[in-house]
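Only one structure is covered here, and it is reproduced in the block below.
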Amino acid sequence: MASILKHLKDRFLQSKLNKLHVDFNDFMWMPLFFYRTIGIKPFHSSTSNEKTSIWFTLYFVLHFVNLNFVLICEITFVWLAFRNSENFLDACMTMSYIGFVVVAGLKIIAVSAQKKKLQNLVLQIEAAFPPSDQVHQEKYDVVTYLRQCRWVSQGFGGLYVLLIVTYNLYAILQYVVPHYVFHSPDAQQIMPYVPTAPWNWHNNWKYYITYVMQGTAGYTATCGHISADLMIFAFVIQVIMHFNYLAKCLKEIEIKNGSTVEGSAGDMRKLQQLIAYHNNILGLTDVMNDVFGVPLLLNFMASSMVVCFVGFQMTVGLSPEQTSKLALLLISATSEIYLICYFSQALIDASFSISFAVYDMNWTPADGRFRKMLVLVAMRAQKPVCLSATVFLDVSMETMSMFLKMSYQFFCVIRTMYQ
């Protein structure tokens, strides 16, 4: 906890100092913050020598064990509900929680399993990051991309924080306010996610312990769920920045074939440097998809389950408070998929813009070798890069419509079963 407070203090002081230059860590502070709150340090930057202490690791183990304990309770509740043919609506809601928790746990495991590749990706992106001098940072327009990253991170992270705070506090307020404020004898103790536990928590001190365990598990699942997404957004925004800068450099090449002593040799050196830069960016996207392919696939699977189960519950007639909670969950799940599709489409457009930049540049005075290499660059850019959910799915805005169609089909199946 001390390291978390120190991290927040450093960020606050840094913002007060109003740094003139942007670095890689400015893009990554929010996903790292959420990871730190549950005891995870996914990578080490080149400027950080901090080592993970055993207490920090133990802190994560406690979070992960508690998360799986609550998951087992949820699975038990659903199994008993279907076996006894009762609490169908509650079982459907709990199944959406199960999907959320399972995916969060698997995303934590997937990122941890790819830690070496993630570390390599971070080092490569740090190495490619624009130099700290003002001239280069203005050429890359780093401040604009950082502003976009912050807007997305704060909006997306804030939405899920609102979600978990609402779900964690709603049940306890339903009991505490009537019982302690109005002294109502009818106040009932309820849990935020699942009423099943290995012990009897009704009307005794174990209620509060069980409640804290479930609320903590909900927060752990939320952090594990969104932290990987926030890292993906930060990486993609930086890759888009590099693609756009490359396109700008290609358009601004001044062909000096025959006009100077160097002539075409100087033109070729400039082009070769830009081709090497292009290859480096393409390599970053390959590593990025290798690291985050499984979490992306899990996102689509979990969000489909959440959307169809939540949509079903909202059609069976619930109280305004329950409907509001479900609507917030539905908005969060849909926003997550939309942002992933949006950034993947932006990555497609940015990578494809290289071919337009080749055409728009003043290539007519160049010699034959120069123009042949430009053709190869344009042909390579004709196959744009995107986020890939492993080998099963290449993400774009079309994927959003596929996701909604699939969720609606699952919703119809559940609705038919209920009727």
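The values are calculated or read from the model by the stated rules, or taken from the named source; none is laboratory data. Because the structure is predicted, anything quoted here is derived from the model rather than measured. Glycine gets a Cβ as well: all are built from the backbone with ideal geometry, and neighbour counts include every protein chain shown. For the accessible areas, the whole protein counts, side chains as well, though only heavy atoms, and no ligand, DNA or RNA atoms are used. Shrake-Rupley method; radii C 1.70, N 1.55, O 1.52, S 1.80 Å.
Within the stretch 284-293, does at least one residue satisfy the condition of being of a type in the set (D, E, K, R), within 15 Å of Asp229 (Cβ to Cβ), assigned to a helix (DSSP H, G or I) and under 18 Å from the mean Cα position of the chain (by Cα)? I'd like the intermediate steps shown before the answer.
Filtering the stretch 284-293 down to residues of a type in the set (D, E, K, R) leaves 286, 290.
Applying the additional criterion that residues be within 15 Å of Asp229 (Cβ to Cβ) yields none.
Looking for residues that are of a type in the set (D, E, K, R), within 15 Å of Asp229 (Cβ to Cβ), assigned to a helix (DSSP H, G or I) and under 18 Å from the mean Cα position of the chain (by Cα), one finds none in the stretch 284-293, hence no.
I'd like the full set of residues that are over 24 Å from Tyr59 (Cα atoms) and either under 38 Å from the mean Cα position of the chain (by Cα) or surrounded by 16 or more Cβ atoms within 10 Å (Cβ to Cβ) (or both), limited to the stretch 195-221. Talk me through it step by step, then tell me what you get.
First, the residues of the stretch 195-221 that are over 24 Å from Tyr59 (Cα atoms): 195-196, 199-205.
Pro195, Thr196, Trp199, Asn200, Trp201, His202, Trp205, listed by residue number.
For the list (1) hydroxyl-bearing (Ser, Thr, Tyr); (2) more than 16 Å from the chain's Cα centre (by Cα); (3) open to solvent by 10 Å² or more (accessible area, probe 1.4 Å), I need the number of the one condition that Thr94 fails.
Condition (3) is where Thr94 drops out.
If we keep just the residues of the stretch 308-329 that are among the aliphatic types (A, V, I, L, M) and open to solvent by 20 Å² or more (accessible area, probe 1.4 Å), which is farthest from Phe392 (Cα to Cα)? Please lay out each step first, then the result.
In the first step, residues of the stretch 308-329 are kept if they are among the aliphatic types (A, V, I, L, M); the result is 310, 314, 316, 318, 326-329.
Next, from what is left, pick out any that are open to solvent by 20 Å² or more (accessible area, probe 1.4 Å): 314, 316, 318, 327-328.
Working: Met314: 31, Val316: 34, Leu318: 37, Ala327: 30, Leu328: 29 Å.
Restricting to residues being among the aliphatic types (A, V, I, L, M) and open to solvent by 20 Å² or more (accessible area, probe 1.4 Å), the top hit is Leu318.
When you scan the stretch 364-391, how many residues do you find that are closer than 23 Å to Ile237 by Cα and not in a helix (DSSP H, G or I)? Give the steps one after another, and end with the answer.
First, pick out the residues of the stretch 364-391 that are closer than 23 Å to Ile237 by Cα: 377-378, 380-391.
Subsequent filtering for residues that are not in a helix (DSSP H, G or I) retains 382-391.
Of the residues in the stretch 364-391, 10 are closer than 23 Å to Ile237 by Cα and not in a helix (DSSP H, G or I).
If I ask for residues that are out of contact with any Phe, Trp or Tyr (no Cβ under 6 Å at 6 or more places or on another chain) and of a type in the set (Val, Ile, Thr), which ones from the stretch 173-219 would you list?
The answer is Val176, Val177, Val181, Ile190, Ile209, Val212, Thr216.
Is at least one residue of the stretch 55-72 of a type in the set (S, T, N, Q), surrounded by 15 or more Cβ atoms within 10 Å (Cβ to Cβ), in contact with a Ser or Thr (Cβ under 7 Å, 6 or more places away or on another chain) and at pLDDT 90 or above?
yes
Taking the options Ala381, Ala333, Ala350, name whichever one is in contact (Cβ under 8 Å) with a residue 12 or more places away in the chain and more than 22 Å from the chain's Cα centre (by Cα).
Numbers: Ala333 fails: more than 22 Å from the chain's Cα centre (by Cα); Ala350 fails: more than 22 Å from the chain's Cα centre (by Cα).
Step by step, each of Ala381, Ala333, Ala350 is checked, and only Ala381 is in contact (Cβ under 8 Å) with a residue 12 or more places away in the chain and more than 22 Å from the chain's Cα centre (by Cα).
Would you say Gln313 is assigned to a helix (DSSP H, G or I) and without any contact (Cβ under 8 Å) to a residue 40 or more places away in the chain? Give the steps one after another, and end with the answer.
Values: assigned to a helix (DSSP H, G or I): yes; without any contact (Cβ under 8 Å) to a residue 40 or more places away in the chain: no.
It is false that Gln313 is assigned to a helix (DSSP H, G or I) and without any contact (Cβ under 8 Å) to a residue 40 or more places away in the chain.
Looking only at residues in the stretch 392-419 that are in a loop (DSSP other than H, G, I, E, B) and in contact (Cβ under 8 Å) with a residue 24 or more places away in the chain, which one is surrounded by the fewest Cβ atoms within 10 Å (Cβ to Cβ)?
Our first condition is that a residue be in a loop (DSSP other than H, G, I, E, B); within the stretch 392-419, this holds for 392, 395-396, 419.
From the residues that got through so far, the ones that are in contact (Cβ under 8 Å) with a residue 24 or more places away in the chain too are 392, 395-396.
Working: Phe392: 10, Val395: 27, Ser396: 20.
The residue in question is Phe392.
Looking at the stretch 146-156, can you tell me whether even one residue there is at pLDDT 90 or above, out of contact with any His (no Cβ under 6 Å at 6 or more places or on another chain) and of a type in the set (Gly, Ala, Ser)?
Residues of the stretch 146-156 at pLDDT 90 or above: 146-156.
Cutting the leftovers down to out of contact with any His (no Cβ under 6 Å at 6 or more places or on another chain) gives us 146-156.
Among the residues that remain, those that are also of a type in the set (Gly, Ala, Ser) are: 153, 155.
Yes, there is a match, as at least one residue in the stretch 146-156 is at pLDDT 90 or above, out of contact with any His (no Cβ under 6 Å at 6 or more places or on another chain) and of a type in the set (Gly, Ala, Ser).
Given the structure, is Leu297 touching a strand residue (DSSP E or B) at 6+ places or on another chain (Cβ under 9 Å) and open to solvent by 20 Å² or more (accessible area, probe 1.4 Å)? Lay out the reasoning, then the answer.
Details: touching a strand residue (DSSP E or B) at 6+ places or on another chain (Cβ under 9 Å): yes; open to solvent by 20 Å² or more (accessible area, probe 1.4 Å): yes.
Yes; evaluated as a whole, the condition is true for this residue.
Could you tell me which of the residues Ala302, Ala234, Ala265 is at pLDDT below 85 and either among the hydroxyl-bearing types (Ser, Thr, Tyr) or open to solvent by less than 10 Å² (accessible area, probe 1.4 Å) (or both)? Even if it seems obvious, please write down each step before you answer.
Numbers: Ala234 fails: at pLDDT below 85; Ala265 fails: either among the hydroxyl-bearing types (Ser, Thr, Tyr) or open to solvent by less than 10 Å² (accessible area, probe 1.4 Å) (or both).
Only one candidate passes the filter, namely Ala302.
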